[in-house]
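S.K.: What follows is a structure written as structure tokens; I'll ask about it next.
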Amino acid sequence: MQKVSLLITTYNVKEHLAVTLKSIQEQDYTPIEVVIVDGGSTDGTVELIREFAAQYPDAAGGKVIPMQAAGADNHAISVRWISEPDRGLYDAMNKAWFMCSGDIVAVCNDRLCAPDALTKLVRAIEQGGAGCIGAHSDLVYTDGERVVRSWHMGEGRLADGWMPGHPTLFLKRQVYEQYGTYDISYRCAADYEFMVRFLKDGKNRLAYVPEVLVAMFYGGTSNAGLGNYLVSFKEGYMALKKNGVPHPFLITVKRTFRVLRQF
């Protein structure tokens with residue numbers, strides 16, 4: 001079984017984090033490495049992290065722990081975490097990446113909807129054949145119990161405005177090693193720019209699981225108000241242009257219409 005590293009970034013989100021951690025504990029897949037980078041929370045988030053980490057053998061004290069693969073037990077969750085100031089979401093995500101040791105890596109700041117979510121995504125990667133570097137699925141954005149948006153992007157091409165849902169994206173470790181981490185100069189769209197980097201040439205493929213496997217907490221960086229939508233539009237255009245993708249403005253318009261259809 002390949003180790004899956006789930007990267008969690010937090011800052012004063014105790015209630016959401018509790019939901020995320022519970023959904024991870026309910027997974028039927030092993031081994032799982034949970035890497036939490038907290039920005040210095042003051043709302044009890046750190047205490048929650050400490051309580052969670054104390055349940056597993058290679059976690060202690062709020063410091064980066066030398067990886068022990070959960071002792072000799074691959075059926076346990078292993079935990080590594082820190083709490084310290086950072087330069088924003090994407091800086092925290094980069095920190096989490098450098099702390100992780102998994103074969104497959106995913107950012108997991110939301111709720112895994114089914115206990116076999118990890119199993120299905122890992123299996124899709126393993127069965128994806130040559131050129132398959134990861135997998136993604138459908139997701140929903142939720143406000144409490146209410147579904148605000150449904151993301152059913154399926155399979156497609158960047159040139160048509162398609163993009164995978166980043167909260168569902170599971171990637172082989174070598175993707176980060178080859179293409180680098182998140183560009184922290186972006187305020188809202190560093191995840192999109194990261195995906196453009198390894199998808200732009202069409203050489204890398206993502207397996208697609210046509211099921212809702214992630215419920216995202218509504219109000220993320222790119223959907224928190226009109227101002228952030230405009231920043232996201234501008235940064236999406238910049239990401240395409242930076243990476244030499246033809247017709248960046250047209251693609252950005254197409255991508256925007258695809259997003260609007262989700263509501």
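S.K.: At 7 Å along Cα-to-Cβ for each site, give me the label-to-label distance between Q174 and Q25 in nm.
M.R.: Distance between label points: 3.7 nm.
S.K.: Figure the gain on full extension for A130 and H16 (residue separation times 0.36 nm, minus the Cα-Cα span) and round it to one decimal in nm.
M.R.: Extra length available between A130 and H16 comes to 37.3 nm.
S.K.: I've got another one for you. Quick check on the chain: of the DSSP beta bridges with both residues there, what percent are antiparallel, nearest 5%?
M.R.: So the antiparallel bridges amount to about 30 percent of the total.
S.K.: While we're here: Can you list the HN-Hα couplings for the stretch 35-48, worked out from phi with the Karplus curve (6.51, -1.76, 1.60; θ = phi - 60°), rounded to whole Hz and with x for Gly and Pro?
M.R.: Here the 3J(HN,Hα) series is 10, 10, 10, 9, x, x, 5, 10, 9, x, 4, 4, 5, 5 Hz.
S.K.: Enter the per residue convex hull volume of the stretch 162-209, computed from alpha-carbon coordinates, in Å³ rounded to the nearest integer.
M.R.: Spread over its residues, the Cα hull of the stretch 162-209 gives 90 Å³ apiece.
S.K.: What length, rounded to one decimal in nm, is gained on full extension from E84 through to K234, with 0.36 nm per residue of separation minus their alpha-carbon distance?
M.R.: Fully extending the segment from E84 to K234 adds 51.0 nm.
S.K.: Quick one: which residues, 5+ away or cross-chain, put their amide H under 5 Å from the amide H of R205? H built at 1.01 Å from N.
M.R.: C132, I133
S.K.: Separate question: So, by mean Cβ neighbours within 10 angstrom, what's the order for 164-174, 207-217, 249-259 with the highest one leading?
M.R.: 164-174, 207-217, 249-259
S.K.: Another question about this same structure. Can you list the HN-Hα couplings for the stretch 159-170, worked out from phi with the Karplus curve (6.51, -1.76, 1.60; θ = phi - 60°), rounded to whole Hz and with x for Gly and Pro?
M.R.: Along the stretch 159-170, the couplings run 4, 9, x, 6, 7, x, x, 4, x, 9, 7, 10 Hz.
S.K.: Taking the inverse of the average 1/r across all pairs of different Cα atoms in the chain, what Kirkwood radius in Å do you get?
M.R.: Every distinct Cα pair counted, the radius reaches 18.7 Å.
S.K.: Just to be sure I understand: of the beta bridges DSSP finds with both ends in the stretch 111-263, what percent are antiparallel, rounded to 5?
M.R.: The antiparallel proportion sits near 45 percent.
S.K.: What do you get for GluC sites (Glu not before Pro) in the stretch 108-207 restricted to DSSP loop and a cutoff of at most 16 other Cβ within 10 Å of the site's Cβ?
M.R.: Hits after loop and neighbour filter: E145, E155.
S.K.: Taking the Cα centre of the stretch 76-217 as the origin, how large is its charge dipole in debye, to the nearest 20, when only Lys and Arg (+1) and Asp and Glu (-1) carry charge on their Cβ atoms?
M.R.: Value, rounded to 20: 200 debye.
S.K.: Please list 86-96, 43-53 highest first by mean number of surrounding beta-carbon atoms within 10 Å per residue.
M.R.: Taking the mean over residues of other Cβ atoms within 10 Å, the ranking is 86-96, 43-53.
S.K.: Could I ask something else about it? H247 to Q262: extension gain in nm, 0.36 nm per residue of separation minus the Cα-Cα distance?
M.R.: Stretched fully, the H247-Q262 segment lengthens by 3.0 nm.
S.K.: Quick check: the angle from helix 248-260's long axis to the longest principal axis of the chain, C-alpha only, nearest 10 degrees?
M.R.: 60 degrees
A short reminder: the numbers here are calculations on the coordinates, not readings from a lab. Model, not experiment: these values are computed from the prediction. As a convention, Cβ positions derive from the backbone with ideal geometry for all residues, glycine included, and neighbour counts pool all protein chains shown.
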